[in-house]
Each structure stands twice: as structure tokens, then as C-alpha cells.
Amino acid sequence: QVQLVESGGGLVQAGGSLRLSCAASRSIVSADFMGWYRQGPGKEREERELVAGLYKSGSTNYPNSVKGRFTISRDNAKNTVYLQMDSLKPEDTAVYYCNVDFSSLRPVNYWGQGTQVTVSS
């Protein structure tokens, strides 16, 4: 089992920045995938949107809605993955979740508890 704990959410004005952190209870060196998803107001769990993905190869992917504004990174020494969010918009308001895959573990996929990000206009 792996526990993921997010932090860094809060209330920010449009145009501002936040950095989210996701601390894992074990080493993330072997993680096959680390990502940040968000669930907007009134949306169901199944509608969570991937906003940043980081693969073991080092490649990343972002949807057009956040490309150039969001950056995912990792610190293996701290077992932590980050999401730097700049130029925030009101439509970025959501609960943000950390998600990690370890293909060597069962289960493979883990979620954090979420952290609220609210962007005021």
C-alpha cells in the first residue's frame, strides 16, 4: 500500500500561482506514472481530468487547457511530486488529486485525498 498526501491548495486571485505537493509514503523512483487530476465543481469522480502527467521515461503531457501554465516535477529524495500552477484562471477551480502507478505493486494505482484550489476573478 502507498499513501499519498497532497498539500498546497488554497484560495488565489486570477493570475496568481500555487504549488501543490504530493508526498508518497514510499520511494517514487520506481513509479511508472505520476499525475495530477482535477475534479471540477459538480463533476463526478469519473469526470476527473488529467492536467499533468509525468512518466518514468521523463516525458510529460498536459492538456491544451493548462499547457504553458502548469508544470509537473518530482523530487525523488523527498518522495514528492509537485504541480506548479501559474497564471491561474477561475476555471481552474477544482479539487486536485495526485495519482501514482507502481506496476510492481498490487494494487497498481493510488490516489491522494485531494486538495481544494479556488481561483477568484
> Of Ser121, Asn79, Ser7, which is farthest on the positive side of the dipole of the chain, counting Cα position, with +1 on Lys and Arg Cβ, -1 on Asp and Glu Cβ, and the Cα centre as origin?
Replying inline: Asn79
>> If you roll a 1.4 angstrom probe over the protein chains with everything in place, what fraction of the accessible area of the chain belongs to carbon and sulfur, to the nearest %?
In response: 48
> Which number gives the lysine pairs in the chain that have C-alpha atoms under 22 Å apart and are eight or more places apart or on different chains?
Replying inline: 5
>> Let me test this: with uniform point scatterers at the alpha carbons of the chain, what is the Debye-based log₁₀ I(q)/I(0) at q = 0.13, 0.15 1/Å?
In response: -0.46, -0.62
> In the neighborhood of Val119, defined by Cβ-to-Cβ distances under 9 Å, what is the net charge if each Lys or Arg adds +1 and each Asp or Glu adds -1?
Replying inline: -1
> How large is ³J(HN,Hα), in whole Hz, for each residue of segment 25-38 in order, when computed from phi with the Karplus curve 6.51 cos²θ - 1.76 cosθ + 1.60 and θ = phi - 60°, using x for Gly and Pro?
Replying inline: 7, 9, 4, 9, 4, 8, 5, 7, 8, 9, x, 10, 10, 9
> Can you tell me the Rg and Dmax of segment 26-88, counting just the alpha carbons, in angstroms?
Replying inline: 12.5, 37
>> For a quick check: with amide H placed at 1.01 Å from N, whose amide H comes under 5 Å from Arg74's, ignoring anything fewer than 5 positions away on the same chain?
In response: Tyr82
> Which net charge results when you count Lys and Arg as +1 and Asp and Glu as -1 among the other residues whose beta-carbon is under 12 Å from that of Ser21?
Replying inline: +1
> Given H placed 1.01 Å from N in the peptide plane, which residues other than close sequence neighbours of Ala52 have an amide H under 5 Å from its amide H?
Replying inline: Trp36
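The values are calculated or read from the model by the stated rules, or taken from the named source; none is laboratory data. Nothing here was measured: the structure is a model prediction, and the numbers come from that model. Glycine also receives a Cβ, built like all others from the backbone with ideal geometry; neighbour counts cover every protein chain displayed. Remember, those area values only see protein heavy atoms, side chains included, never the ligands or the DNA or RNA. Shrake-Rupley method; radii C 1.70, N 1.55, O 1.52, S 1.80 Å.
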